[in-house]
Every structure is written in C-alpha cells, then in structure tokens.
Amino acid sequence: MNDNQKTRDEVLAAIRMALHDTGQPQAVLPIVASNLVFKSQEEGLVAGFTRVFSSIDGQVIRCENDSQLAGELTALVKRKGWTKVSARSQWLEQRRGQEAFEWILATLVDGDFTHTEAGITDCEHLVAQTGSVVMSTAQSAGRAFPVYVPVHIVIANEAQLVYSLDEAILQMEQRYQGDYPSTWYLMSGPSRTGDIEKTLVLGVHGPVEVYVFLVK
Amino acid sequence: MSEQAKLFLQASREKTKDLAHRHKMNHALKQSDDAFEKGKARFANLELLRDWAHAIKRHTIEQLDTYLCEFEQNFTQRGGKVIWAQTPKDAVDAIKAICRKHAAKTVVKSKSMVTEEIHLNNALADADVDVIETDLGEYIQQLAGEAPYHIVAPSLHKSKEEVAQLFEEKLGANPGLQPAQLTRVARKILRKKFSEATVGITGVNFLLADIGGVVVTENEGNGRLVTGLPKVHIAVTGIEKILPSVHQLSLFLPLLATHGSGQQLTVYNSIFTGPKGAAETDGPEEMYVILLNNGRTKLLADPVARESLYCIRCGACLNICPVYKNIGGHAYNATYSGPIGAVVTPHLQGLNENVHLSYASSLCGGCTTVCPVRIPLHNLLLYNRQQAVEKRCNNSAEKAAFWGWKQVMLSRKLMNAGGGNAKNNVFAMIMSGIWGKDRALPVFPKKNFSQQWKIRKRHER
C-alpha cells in the first residue's frame, strides 16, 4: 500500500504541475436546467412512461388495484406456462394471506435462480421521460437476480413515477442522505445489442422481456 | 517517415480499395447515422446542452486534483479501494496482484477501452488467468484475435456471415446462424463464465466525486453480471473520466447514449459506490478503482490539447469521419481510432511516431460539429501538426516543398509563370505519388487566372 501512496503523490503532483499555469480564468461550473434536456410532451406521467417504455420494447400493464394486479399476473404466468417463477419483492411478500394473491404466491419457487423463467421485483422509481426503472441494492432484488432472469417483472405503483432523470436522482439523494446502496441502476427496457451488423437482438445477457405492472 | 507512418499508409491504401470493407462500413455507419439523427430530435436544445457539457468538463479538468481526491475520499469511506497508476505496468501489476490474492483462474470483463490501452488481456493470459470478454462485440473480436474496430461498436466491420463462420470455427456452432441465434450461442457460453469467474473487470464511463460513484453504461446486461456475480469487482479508468456530481448524469447520460447509439438512454446505467453492503443480497466482497494516468497529465499540461481530455468516448466523431469510414479502425494501429485517436495518440504514444495521424484528416470539421462536449477536434489536429513543425518532426522534403510554395505564393510573377501544360506536367511529377493511381489528377486550365480575368473584364467592357 506504500507504493500506492507514492504513486498517488506522483500522479497528483503531475496533475498540479500541469494545471499550474494557464493564466486564464477558471471555468465556473454551470447549473444545468435538466428540464431543458429533452423536449417536453404534453401528457401525464403514466401516459408518458407507457409510451416511452413501450417504444424501447418494454411492456406496461396498468392495474386499477391490487386484486386486478394479482389477476393480471396470474393470467400472464398461466398464459406463458411458466413453472419456475421467483420473486424478490417486499410488495408481494406483504400480500401474503390475501386471497387474490394465493395462487401466485403458492407458485413461487425459492432459492437458486439459475433456472428461473421469470423473476418478480419491486423498484425505487419509474422515470416517465426516459422510460426507465430505477432499482437499487437496498431492495431485496439485489444485483444479479433482475438481470439474470430471462423475463423480468417489475411491480410499481403510480406514486413512484417521477418526470425526469434528475428528479429520480434527487429522490434517491433525499432518501439515502449520502448513505447510498452499493449499486443503484436504471433499467430502460430489455437487454439489447446491435453488435452483429447493427441487427437489433433482444435478450443478450439480460432479460428478453420486461414487464412493468403499474398499480394506481 | 516513421515505421508507424509507413504501416499506416500501406494499411489505408489497402482498405480504401477494399470494396467489401467499404460496403460493410457504409452499411453499419449509415445505421448509426440514422439512429443518431432520430435521437437528436428528442433534445430540446442540443447546442445548449453541448455548451453545458463543455463547461462542466472544462471546470472539472481544471480542478482535476481536487475532484479526484474528493472521489477517493468518498469511495474509500464506503469500503472501496482506490489504486493509482502512473503507467500501464502499474495498473497491470495491481490487477495481477488482486487476481493472485483471490487465486483467480477466470476473469470476466465488460467493455473497456482503457484495458485495451494497457494491454490487460495479454498480461493476464501470461499470468495464466483466463480473461473473457463478455460484450458481444468484444467477444467476437476476442474470438477473432483482433483489437476492437470502433470504440463503441467493436465488431462493426464484420458481416453476419463472417461472425457465423467465426462461431462455427471457434465454438463449434452450427453453420449459417443468424444474428439472434449467434447471440443465443454467446449468451449460453458466457452465462457459465459469469458464474465461474472470481474477478469481474469493467471500464468506467463516469466517476462521480460527490458520492464516490463509478458509472457503467451498457445495453447487454453483461456489465451488470460482471459486477453482480464475481467475488471481486475492479473498475479501470483514466483520471479524466470524472464529474463533480451525480446530478450531472441527467445531462451526460443522454448525451452519451444519443451520440453513441441514438438511444435516449442505454438500457443499463449503473452507479457503484462500493462492495456489497452488510444488509444487501449479493455483490462483490471487494471493489477496486484503478485510476490511470498513462500520459494524460502530458495532455493536461498543454492548455490547448487539454480539451481532448473532455472526451466521453461516445464514438460520434468516428461515425462521421470520412477518413475513418474509408480506412477503418485498425489502420490507425492505436488504441483509440478516428479523429479523437488522431488527436490523443501523438501525445500519449509519442509525437515522432504518430504525428502522421494528425494528417489523416480532410479537415472537413465533421468531428468538431458533432462532438457532444465540443472538443474542437479538427483544430486540435492542426495544432498537432503545428507542434510537429515546431519540434522539427517534419521531414526535409516537406520543408522544401513549403519553402517553394511560399516563394510562389508571394510572387504574382512566379504564379503566372508557365502555361497550363507546363503546370500539369510539374504537378503530375511532384504529386502523382501522393495522389495515388486510383483517382484522376486535377487538371490546370490552359490559361491562368490573370489571363482569364483580363479576358472577362474586356468582354464586360
């Protein structure tokens, strides 16, 4: 570690030497008006998120209430014929004992997710303008699970919607007060690549399909 | 002429004539261009955003020491370790030591140009560590034993048939697979590697001083798995990749994504602030950030060339460059190709051997007009040329030619001397070698400008 200290001093000394001189006034850090980054669309948060998220191959399923969500989720799992569905979701856990969720909760497989067909998680926020889901390792989903599973199902409610990326960052800052989770990330649609002749292929290393169940 | 320059000329000559290569490049870059145009339309005022981005980078680079120390303090506080490296060897040694400590046999990597710069893969292979590139494009390049062709799209010069053949030869895949099927093959093989690997190595798109964060942006999800499954995460970065605050991501992430691939945001944008927290589900036990200098302070010491350190490696200047389009990424024989490569390589790897890259430009200025952080790229190319002349890196033939040019240009008499035929002969004699045999020499008219002008004036009267 001593060597590292020495190299550190060398690099910093080289930087300071290099910056020593210019004679020009130093640049002031501009304040970015983040609402001026993208053109604004005259639409609500829900409509905005749905439009953008769909345009990047994600799917949004709107639900009036919890029991409609349970119904939609059950229907999806049955329609796809999934037998290995896992969940790392506080939201779902809290609905244990509710009749509407009985079937879906009973279907869930615990533990190792190597063979999971679909994984259900919560999220921190949804960003309407960019169609992004904000997640963090403060939630039980952790790092690998949501990206390892071939189908990712996110449960969110409309109160979690924010307009812009900057708003999401502000919210995270306020929530964690400097004590950040070791990772927080934005996920905007299913995994994709254009590395072979620019042909779009979904589901490279991450999910092929991403669903957001959005409850009122 | 340096050896490097000779190799460059030879490689460019071959590629320019290679019609199949041109076809593939045009196809790929046309798609990038269309996506970029579409993406650009989403911005409220791109010119304003470029001003902001430029000003933020300028401010940050002028206070690089302060922001790096702030980053170090915040990142260390949260359990991460910062390793400083002056040279590629420092960085490679540190990574090898970490691999040894954890008895790592397999290392998975997500896309990183800095690790290309320090030739990490070869060094680890020599130390008996199996390094696997996991970005699909990089994986293709690794299988082919080639360096990346483009800083954002490493395998853009390969047709799907070539990739299918490569997968058949190297992986025993069925012949004639389509892109989606090829991707499945890679997914299956790499899944196993992610789980086996002890160490995951990523590049860095941005360092965030205020929260001690490391930002990695990608589309495939390999970056997420590289940082999610292995026991150790090492992030390697140049010292210039820093931003003062996490809040600036709301500007820089859209700029990077749109200029890189035409997307509003890339699919995965992750901020890492350290190893797995005590209450967290999973994640690496240790996280390291390696801060590499490798000549960057040389660029920093030059108040003009310094601006090239603002680069966020989006690749937009490569996509628009007529030279890159025609000669491709390998002709440059440098880690960073295209206009930004031509600007920084002479500073990072020696002016004498690499100044020819600064001449590999039509000075059309396309790169400058497209750069999201407003680096005046073509001006910097001219600046490099000027430096080369000042440091006497130019050869005597060039000096003689410019002396002659100056004499002629300063004298109306000399300029008017000789008829059109004489000029054509002299021009052909001097220029035909440089002009090349694949395009026609320009032809001087019989009458020179003064004569034509006089005739015209007479007619007007």
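The values are calculated or read from the model by the stated rules, or taken from the named source; none is laboratory data. The structure presented is a predicted model; accordingly, all values stated were derived computationally and were not measured. In this analysis, Cβ positions are derived from the backbone assuming ideal geometry, glycine residues included, and neighbour counts consider all displayed protein chains. Side chains included, ligands, DNA and RNA excluded: accessible areas come from the protein's heavy atoms. Shrake-Rupley method; radii C 1.70, N 1.55, O 1.52, S 1.80 Å.
Of the beta bridges in the protein assembly as shown, as assigned by DSSP with both residues counted there, near 35 percent are antiparallel. The DSSP beta bridges internal to chain A are antiparallel in roughly 30% of cases. Site pair residue B:390 and residue A:140 shows an inter-label distance of 6.4 nm when each label is modelled 7 Å from Cα along Cα→Cβ. For region B:1-118, the spread of Cα coordinates along the three principal axes comes to 53, 43, 35 Å, biggest extent given first.
Interface burial in region A:137-177, defined as at least 30 Å² less accessible area with all protein chains than with the chain alone at a 1.4 Å probe, covers A:137, A:143, A:144, A:147, A:148, A:165, A:166, A:169, A:173. The charge dipole of chain B, taken about its Cα centre with unit charges on the Cβ of Lys, Arg, Asp and Glu (plus for the first two, minus for the last two), comes to roughly 2580 debye.
Carbon-plus-sulfur accessible fraction, region B:93-135 (probe radius 1.4 Å, protein heavy atoms only): 47%. Burial annotation for region A:35-52: residues with an accessible-area loss of at least 40 Å² between the isolated chain and the complete set of protein chains, computed on heavy atoms with a 1.4 Å probe, are A:36, A:37, A:38, A:39.
What the Cβ-Cβ distance of residue B:195 and residue B:452 gives, at R0 = 51 Å and to the nearest 0.05, is a FRET efficiency of 0.10.
Output needed for region B:396-460: three equivalent-ellipsoid semi-axes, defined as square roots of 5 times the C-alpha gyration tensor eigenvalues, in descending order, whole Å. Those come to 26, 17, 8 Å. Take each peptide in B:134-140, B:191-197, count the other Cβ atoms within 10 Å of every residue, and average; sorted highest first, the result is B:134-140, B:191-197. For residue A:112 and residue A:43, the FRET efficiency from 1/(1 + (r/R0)^6), where r spans their Cβ atoms and R0 equals 51 Å, is about 0.75.
Neighbours of residue A:100, meaning other residues whose beta-carbon lies under 12 angstrom from its beta-carbon, give a summed charge of -2 when Lys and Arg score +1 and Asp and Glu score -1. Seen against the Cα atoms of chain B and their longest principal axis, helix B:64-77 is set at about 20 degrees.
Computing Rg and the Kirkwood Rh from the Cα coordinates of the protein assembly as shown gives a ratio, Rg/Rh, of 1.02. Three semi-axes describe the equivalent ellipsoid of region A:175-216; taken as square roots of 5 times the Cα gyration tensor eigenvalues and ordered largest first, they are 29, 17, 7 Å. May I ask for the angle, rounded to the nearest 10°, between helix B:160-171 and the longest principal axis of chain B, with both axes built from Cα atoms and the value confined to 0 to 90°? Around 40 degrees separate the two axes.
The phi-based Karplus calculation (6.51 cos²θ - 1.76 cosθ + 1.60; θ = phi - 60°) puts the 3J(HN,Hα) values of region B:369-376 at 6, 9, 4, x, 10, 6, 7, x Hz, whole numbers, x for Gly and Pro. Placing dummy labels 7 Å off each Cα toward the beta-carbon, the span from residue A:27 to residue A:90 is 4.0 nm. Rounded to the nearest 0.05, the FRET efficiency derived from the C-beta distance between residue B:26 and residue B:122 at R0 = 45 Å is 0.85.
Which listed residue (A:98, A:48, A:135) has the Cα farthest towards the positive end of the charge dipole for region A:42-215, taking +1 on Lys and Arg C-beta and -1 on Asp and Glu C-beta about the Cα centre? About the Cα centre, the residue reaching furthest to the positive side is A:98. Could you state the number of Å between the C-alpha centres of region A:81-115 and region B:322-342? Region B:322-342 and region A:81-115 have Cα centres separated by 52 Å. Measuring nothing but alpha carbons in region B:48-294 and taking Rh as the Kirkwood radius, the Rg to Rh ratio lands at 0.97. Residues of region B:303-330 falling in the label zone of residue B:369, defined by backbone nitrogen less than 17 Å from a point 7 Å along Cα to beta-carbon, are B:316-325. Here region A:31-148 has an Rg and Dmax of 16.5, 51 Å, counting Cα atoms alone. Between 0 and 90 degrees, the angle of helix B:179-196 with respect to the longest Cα principal axis of chain B falls at about 50 degrees. In the context of the full set of protein chains, residues of the protein assembly as shown present 43 Å² of accessible surface per residue (probe radius 1.4 Å, heavy atoms only). Only lysines eight or more places from residue B:6 in sequence, or on another chain, were considered; those with a Cα closer than 22 Å are B:15, B:17, B:325, B:391, B:399, B:437. The A and B chains share an interface that buries close to 7400 Å² of accessible area, total over both sides, probe 1.4 Å. Using just its DSSP H runs of length 4 or more, each adding -39500 (n - 2.57), chain B gives a mean residue ellipticity at 222 nm of -16500 deg cm²/dmol after division by all residues. The portion of the accessible surface of region A:42-215 made up by carbon and sulfur, rounded to a whole percent, is 48 (1.4 Å probe; DNA, RNA and ligands excluded).
The shape of chain B can be summarised by an equivalent ellipsoid whose semi-axes, obtained from the alpha carbon gyration tensor, come to 45, 26, 21 Å from longest to shortest.
Residues of region B:163-209 whose accessible area, computed with a 1.4 Å probe over protein heavy atoms, drops by at least 20 Å² once all protein chains are present relative to their chain alone are B:179, B:183, B:184, B:187, B:191. Partner shielding of B:60-66 amounts to 5, given as the average count of beta-carbon atoms from other chains within 10 Å of each residue beta-carbon.
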